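So the structure is just underneath, and the comments pick up after that.
The values are calculated or read from the model by the stated rules, or taken from the named source; none is laboratory data. Since the structure is predicted, the reported quantities are computational estimates derived from the model, not experimental observations. Every residue, glycine among them, receives a Cβ derived from its backbone with ideal geometry; neighbour counts consider all protein chains shown.
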Amino acid sequence: MGLLDILFGGGKKRLSKETAETRGQHMPDLNLPVDEKFTIHFKKNGGKFLYCISLKEVSFAIKNIVAENSWQEHPFFVMDNRLASKFEKENIIFTDKLKNSDVFFTTCEHLIAQNGSILVCSNQLNERKVNELPSNVVVFATTSQLVESIGEGLKTIKKKYGPKIPANITTLKHFKATEENSDDFLTYGSSTKNLYLLLLEDL
């Protein structure tokens with residue numbers, strides 16, 4: 001069962017989804033595809049998931065997010081000018097001033113299937129900590145950024161950037177620290193966010 005089955009129902013295979021969702025937090029994951037595993041954990045974390053098969057659908061999803069939250073007059077804080085240029089026709093007000101916004105619009109490095117988190121670094125955050133960002137976050141990502149684990153994501157980052165590996169590597173999660181993750185250096189400075197994920201199919 002793949003990503004579309006999770007979103008729209010999995011027919012006879014729906015049982016595998018329900019079994020995975022009802023397993024205890026200390027139980028090992030079932031042998032699921034990375035897209036399905038990420039979706040299950042991300043939704044458990046409380047994230048809002050919008051799957052898109054084209055940029056046109058991404059644009060439609062952004063308009064719905066803005067309308068749903070009455071953000072028409074709320075500037076989106078963005079640190080990537082390329083991202084702002086890509087969506088400049090969506091009637092979104094973009095700002096590079098953090099104090100002027102309560103919505104952070106960003107890309108990411110990877111989507112982590114094992115815990116439904118979003119791996120980011122200084123390319124997205126500069127030197128800011130997650131708890132310094134607005135409480136509302138909209139992330140634009142693609143299916144090719146899905147990886148199984150944080151370790152795999154870090155290896156891919158190292159391979160991609162070589163000796164110029166970015167700093168400030170951390171994860172975005174929509175749940176508060178627990179006894180299990182409170183000592184994880186990748187959750188340092190994290191805080192609960194109202195998080196939307198715009199996931200574009202590119203495979």
- Looking at Met27, Met1, which one is assigned to a loop (DSSP other than H, G, I, E, B), at pLDDT below 60 and within 18 Å of Leu203 (Cα to Cα)? Met1
- Enumerated helices (runs of 4 or more DSSP H) restricted to segment 31-114, each holding at least 2 residues that are more than 28 Å from Tyr161 (Cβ to Cβ) and charged (D, E, K, R): 34-44, 55-69
- Message: So the check is Cβ under 7 Å with 6+ separation or different chains; which pairs have a first residue in segment 143-165 that's over 15 Å from Ala113 (Cβ atoms) and a second one that's part of a helix (DSSP H, G or I) and not acidic (Asp, Glu)?
- Response: Ile165/Ile157; Ile165/Lys158
- Picking from Ala167, Ala113, the residue that is touching a Phe, Trp or Tyr at 6+ places or on another chain (Cβ under 7 Å) and over 28 Å from His74 (Cβ atoms) would be Ala113
- Note on the structure: Leu111 vs (1) exposed (fewer than 14 other Cβ atoms within 10 Å of the Cβ); (2) touching a residue at least 60 places away in the same chain (Cβ under 8 Å): all pass except (1)
- Task: Quick one: which residue in Ser117, Ser101 is among the small types (Gly, Ala, Ser) and within 21 Å of Gly46 (Cβ to Cβ)?
- Result: Ser117
- Item | Single condition Arg128 does not satisfy, out of (1) assigned to a helix (DSSP H, G or I); (2) charged (D, E, K, R); (3) closer than 20 Å to Leu83 by Cβ | (1)
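Conditions tested, residue by residue: (1) closer than 27 Å to Gly151 by Cα; (2) in contact (Cβ under 8 Å) with a residue 60 or more places away in the chain.
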site	(1), (2)
Phe38	yes, yes
Asn45	yes, yes
Ile53	no, yes
Val58	no, yes
Leu83	yes, no
Glu88	no, no
Thr95	no, no
